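What follows is a short report on a single structure.
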Amino acid sequence: MWRFDFYNTNIDFLRWGKLAIGGSIMVLLIAIGSLVFRGMNLGLDFTGGTVIEVQYSEPVDIPKVRETLRQAGFGDAQTQHFGTSRDVLIRIPPREETNSATLSNDVLHVLQGAEGGSGATMARAEFVGPQVGAELVEQGGLAALGALIGILVYVMFRFEWRLAVGTIAATVHDVIFTVGWFSLFQIEFDLTVLAAVLAVIGYSVNDTVVVLDRIRENFRKRRKGSTLEVMNRSINETLSRTIMTSVATLLSVIVLYFLGGAVMRGFSIAMIVGILVGTYSSIYIASASALYLGISREDLLPRPKETADERP
Amino acid sequence: MSTYTLNQYPWWKYLLIGLVMLWGFIFALPNLFGEDPAVQISGAREHVTIDASLQNRVVGLLSAENLPYKRLELEDSRLLVRFTDPDEQLKAADILKDRLGRDYIVALNLASSEPGFLRALGLSPMYLGLDLRGGVHFLMQVDMDATLKQVEESYVEEIRAQLRSEKIFYASVGRAASGGVLVEFKDTGERDKAAQALHKNLPSLQQDEPGPLSLKLTLGEPEIREKRDFALQQNITTLRNRVNELGVAEPIIQQQGNDRIVVQLPGVQDTARAKEILGATATLEFRLADEENDWYQAESTKRIPLNSRLYKDREGRPVLLQKRVMLTGDSIVDAASGLDSQSGSPAVFVTLDGKGAKRFEDATKDNIGKRMGVVFIENKTETKRVDGELKKTSYTVEEVINVATIRDRLSRRFQITGLDSTREARDLALLLRAGALASPIEIIEERTVGPSAGKENIDQGFRAAMLSLVVIAAFMIGRYKWFGGIATAALAANVVLIVAALSMLQATLTLPGIAGIVLTMGMAVDANVLIYERIREELRNGNTPQAAIHAGFDRAFDTIIDSNLTTLIAAIMLFGFGTGPIKGFAVTLSIGILTSMFTAVTGSRALVNFFYGGRKLQALSV
């Protein structure tokens, strides 16, 4: 049995608060820069187009498949292996023609007609029209925004405004970092990744709220100590929980990365990045922002009842 | 409070938790039984009954081919034949499709092999999404602009006819580029006369006077809405007919938004064929019956009179119709079922456009008292492998859907009576609409998952969920020992409850949905982590074990609520946004959060109380 205990830790986390915020701002600038200049490698869900996954009965060479497709007039198709050497993934950008819905059938027929392709079957075919793609972009953005606002309102209602702002700062930080990661490394960003980003929002806030709860509790309980000391103490007290939960969630997502199949890979990457950065941000960004916004003990003490019973 | 009475639950709390878990196990139970490959037989039309005689026929057909089957189940509207082997299932489906004919829909299905008593209780396994069972998802959009353009074009004809019959002089009538119908005149007097006449005869059109010599007519809002609805319903009807023919066990065809149709065909093996069938177009033809010749003679001697053609009606009876076409479906503007105002019997009311009305009037005025048939024609394409080459062939399927006597000179509006039931009237109206000038429809989204890929997705998802459970259990036991074991039990209970809730709600389980379950497992232990860390802290602060347990559960509670609620908010946002698979993720995540609050807080507390409560403890294994 191993043990790791952090109860006797007394790390002065917030001593590096300014450094952490500075560093985070730098990283976020890089992420935003990448988003602006490199852009996202948006998946089919958002760009529209056709993706076909074909399974051959025997291993197949990609250049041959490419040549077959080029001769049949699909020169714009991107072809790659997917998982095994028998599986081929073909992407075709959106086309002007109206019958693009039948494209996947045509491609399959072409491949079946070629040498070695008689046993080819369609494992998956997806076609998204440009207008649907545009709608999904809009809806996805709205969903992320809606989640942020919903959580902001909840946290505002539940905590003092500086802590709420700190929470949102931490969450926005995590979202930009995760999305920036996908931009920087040009990993395909599709609907499931978007779902993961929303789950990251939920996770990040969840993680932060626990630290904030403790800060509030300690302010009320301990009458001595500076704001900084109380916050540091709270972070140290919740540290083992923060790490335990992060590791447990990370473990489940890592399992998903390796066993969930190719479709879930992007999802898993987003969750792994999001959990790591979410753990960091709940320690640093949330509390440090609240600290620099000037939070003090008085802000967190339970308010005296303002309204006495008014009896006519 | 003495520490001895701490951490003891009253008996009813254990009972309550026991009942919830019992509920969970019962509802989750059907998922343990796997599925049988099956063939489902249902009636293609309303009058086809599924009964014991069909069952005998099927048994006869199968035993003649020496095809072993597992079980036959006769239900209200379907006959289910279960097999042990998918190859036998496919063979049997081919044979049955061939021998039973067009009256029956023969569809491949996967039937849960849960025992009969569970099904009798109304319990069924989780509903698997298309990405897990394979199948096709289409999102189709009806081109409403084109639909309204068609309507306006038919009004152009109508207005011309009206003006002519009212002897009003006009310069031109045509569709305006910006929409609406523009009529130009040579003088204002004629224009005003026309405005009056059209207002009387075509009251649904809104009038506008853009200049002294012109009149602009536009469709009113209610009419536009009606036409859109008509176009949508027409396409849904057509698609439904096609899907029936395709043989899909549980198809979903429904309206989405104002102008879209979702078609989901689970378990479809040949997706190319599915698209070909769905893409077929239908038209109608009205033809006079050939009453001089006998269909029986024509059929038995194979000598068909020169001016006639031999058709079959929906029941397969031969009908002899003349070759000359009186009217085609393009002219039909509307067809609705209802009751005849005089006799009160079921009827179908048909409305034609101006050009069609004129043609039909001419064609029927000399044929009063004669019989007339309506032929439903579908143009289809099929891709087949001939000598290793893929060939696309087009073919048509023609069927007489109604034969009626012409009682009067038929014009813009007429009705078809003599129908047996309101249901028949409704079916006929649907078919007439389906064969009317079709609104263009376009597939704007397609997601196809092959059956083997679906199976693979389930296996991968299942393995990931299992391993994740094992890894987290090891991690929790490694850190919290006995208490970790309790957390693991709570986690397993949580998975049972998620599966039970999904089965009960019949919510669709997708691959991202499984990811949601896996993610919930990681996040569900958070509540236990919070509690246990709190207990350790209390122990360090010098509290007795019982007091530490009590305080740990108590103090962590607010935090658990806070942290779970925020995740729930994100999950609900996802659900609102959700399309297909993403919705599945949101559903399992939300359910998982709710059930985990129960299992991790109440469930694990009960276990802790059961093992540790009310005893004198020296130390805790946490």
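Please state which one of B:592, B:576, B:542 is of a type in the set (Gly, Ala, Ser) and surrounded by 24 or more Cβ atoms within 10 Å (Cβ to Cβ).
Just a single option satisfies the conditions, and that option is B:592.
I'd like the residue in segment B:506-544 that is more than 8 Å from chain A (Cβ to nearest Cβ) and without any contact (Cβ under 8 Å) to a residue 60 or more places away in the chain and, out of all such residues, is nearest to the chain's Cα centre (by Cα).
Checked segment B:506-544; the qualifying residue nearest to the chain's Cα centre (by Cα) is B:534.
Are there strands (runs of 3 or more DSSP E) fully within segment B:273-359 with at least 2 residues that are over 20 Å from residue B:424 (Cα atoms)? List them.
Passing ranges, in order: B:281-289, B:308-312, B:318-328.
Hey, can you tell me all the residues within segment B:545-556 that are touching a residue at least 24 places away in the same chain (Cβ under 8 Å) and within 11 Å of chain A (Cβ to nearest Cβ)?
B:556
Scan segment B:306-350 residue by residue and report those that are over 20 Å from residue B:429 (Cα atoms) and of a type in the set (D, E, K, R).
B:309, B:317, B:323, B:324
Going residue by residue through segment A:97-114, is there one that turns out to be touching an Asp or Glu at 6+ places or on another chain (Cβ under 8 Å), surrounded by fewer than 17 Cβ atoms within 10 Å (Cβ to Cβ) and not assigned by TED's automatic domain parsing to the domain that holds residue A:205?
Within segment A:97-114, one or more residues are touching an Asp or Glu at 6+ places or on another chain (Cβ under 8 Å), surrounded by fewer than 17 Cβ atoms within 10 Å (Cβ to Cβ) and not assigned by TED's automatic domain parsing to the domain that holds residue A:205.
So, restricting to helices (runs of 4 or more DSSP H) that lie completely within segment A:125-225, which ones have at least 2 residues that are closer than 30 Å to residue B:444 by Cβ and of a type in the set (Asp, Glu)?
Correct list: A:130-158.
Test residue B:176 against the stated conditions and say whether it is among the hydrophobic types (A, V, I, L, M, F, W, C), more than 37 Å from the chain's Cα centre (by Cα) and within 18 Å of residue B:206 (Cβ to Cβ).
yes
For segment B:30-64, give me each residue that is over 27 Å from the mean Cα position of the chain (by Cα) and surrounded by 14 or more Cβ atoms within 10 Å (Cβ to Cβ).
B:54, B:55, B:57, B:58, B:61, B:62
Restricting segment A:166-223 to residues that are away from chain B (no Cβ under 12 Å), more than 26 Å from residue B:586 (Cα to Cα) and among the hydrophobic types (A, V, I, L, M, F, W, C), which is surrounded by the fewest Cβ atoms within 10 Å (Cβ to Cβ)?
Residue satisfying both the conditions and the ranking: A:185.
Take the conditions of a type in the set (S, T, N, Q) and buried (at least 19 other Cβ atoms within 10 Å of the Cβ) and apply them to residue B:206. Does it pass?
Taking the combined requirement at face value, the residue does not satisfy it.
Starting from segment B:164-184, take each residue that is in the same structural domain as residue B:201 (by TED's automatic domain parsing) and list its partners that are exposed (fewer than 14 other Cβ atoms within 10 Å of the Cβ) and among the hydroxyl-bearing types (Ser, Thr, Tyr), counting only C-beta distances under 7 angstrom and pairs at least six apart or across chains.
B:184/B:172
Considering only segment B:113-139, state which residues are of a type outside the set (Gly, Ala, Ser), assigned to a helix (DSSP H, G or I), more than 19 Å from the chain's Cα centre (by Cα) and under 20 Å from residue B:39 (Cβ atoms).
The one that is of a type outside the set (Gly, Ala, Ser), assigned to a helix (DSSP H, G or I), more than 19 Å from the chain's Cα centre (by Cα) and under 20 Å from residue B:39 (Cβ atoms): B:119.
In segment B:100-112, how many are of a type outside the set (A, V, I, L, M, F, W, C) and more than 24 Å from the chain's Cα centre (by Cα)?
1
Find the strands (runs of 3 or more DSSP E) located wholly in segment A:47-123 whose residues include 2 or more that are under 24 Å from residue A:259 (Cα atoms) and touching a Phe, Trp or Tyr at 6+ places or on another chain (Cβ under 9 Å), and list them.
Here the list reads A:49-55, A:84-92.
So for segment B:106-122 (the condition being among the β-branched types (Val, Ile, Thr) and outside the structural domain of residue B:195 (by TED's automatic domain parsing)), does at least one residue qualify?
yes
Of everything in segment B:562-612 that's under 15 Å from residue B:496 (Cα atoms) and among the β-branched types (Val, Ile, Thr), which residue is nearest to the other protein chains (Cβ to nearest Cβ)?
For segment B:562-612, the residue satisfying everything is B:593.
State whether one or more residues within segment A:225-238 are facing chain B (nearest Cβ under 8 Å), of a type in the set (Gly, Ala, Ser) and buried (at least 19 other Cβ atoms within 10 Å of the Cβ).
Checking segment A:225-238: not a single residue is facing chain B (nearest Cβ under 8 Å), of a type in the set (Gly, Ala, Ser) and buried (at least 19 other Cβ atoms within 10 Å of the Cβ).
Could you grab me the full set of residues in segment A:241-258 that are of a type in the set (S, T, N, Q) and within 7 Å of another protein chain (Cβ to nearest Cβ)?
Passing the criteria: A:245, A:249, A:252.
Quick one: which of A:160, A:126 is within 8 Å of chain B (Cβ to nearest Cβ), in contact (Cβ under 8 Å) with a residue 60 or more places away in the chain and of a type in the set (Asp, Glu)?
Of A:160, A:126, the one residue that is within 8 Å of chain B (Cβ to nearest Cβ), in contact (Cβ under 8 Å) with a residue 60 or more places away in the chain and of a type in the set (Asp, Glu) is A:126.
For segment B:59-68, give me each residue that is within 22 Å of residue B:116 (Cα to Cα) and not in a loop (DSSP other than H, G, I, E, B).
Result: B:59, single match.
Go through segment A:269-287 and give me each residue that's within 12 Å of chain B (Cβ to nearest Cβ), touching a residue at least 24 places away in the same chain (Cβ under 8 Å) and closer than 16 Å to residue B:516 by Cα.
If the condition is that a residue be within 12 Å of chain B (Cβ to nearest Cβ), touching a residue at least 24 places away in the same chain (Cβ under 8 Å) and closer than 16 Å to residue B:516 by Cα, then A:270, A:271, A:274, A:275 are the ones that fit.
Just to check your reading of the model, which residue among B:465, B:474, B:501, B:487 is part of a helix (DSSP H, G or I), at the interface with chain A (Cβ under 10 Å from one of its Cβ atoms) and either under 30 Å from the mean Cα position of the chain (by Cα) or among the acidic types (Asp, Glu) (or both)?
Exactly one of B:465, B:474, B:501, B:487 is part of a helix (DSSP H, G or I), at the interface with chain A (Cβ under 10 Å from one of its Cβ atoms) and either under 30 Å from the mean Cα position of the chain (by Cα) or among the acidic types (Asp, Glu) (or both), namely B:465.
For segment B:174-195, what are the residues that are among the aliphatic types (A, V, I, L, M) and in contact with a strand residue (DSSP E or B) (Cβ under 7 Å, 6 or more places away or on another chain)?
B:176, B:181, B:182, B:183, B:194, B:195 - these are the residues of segment B:174-195 that are among the aliphatic types (A, V, I, L, M) and in contact with a strand residue (DSSP E or B) (Cβ under 7 Å, 6 or more places away or on another chain).
The values are calculated or read from the model by the stated rules, or taken from the named source; none is laboratory data. Given the structure is predicted, the values throughout are model-derived calculations rather than measurements. For neighbour counting, all protein chains shown are included, and Cβ atoms are generated from backbone atoms with ideal geometry for every residue, glycine included.
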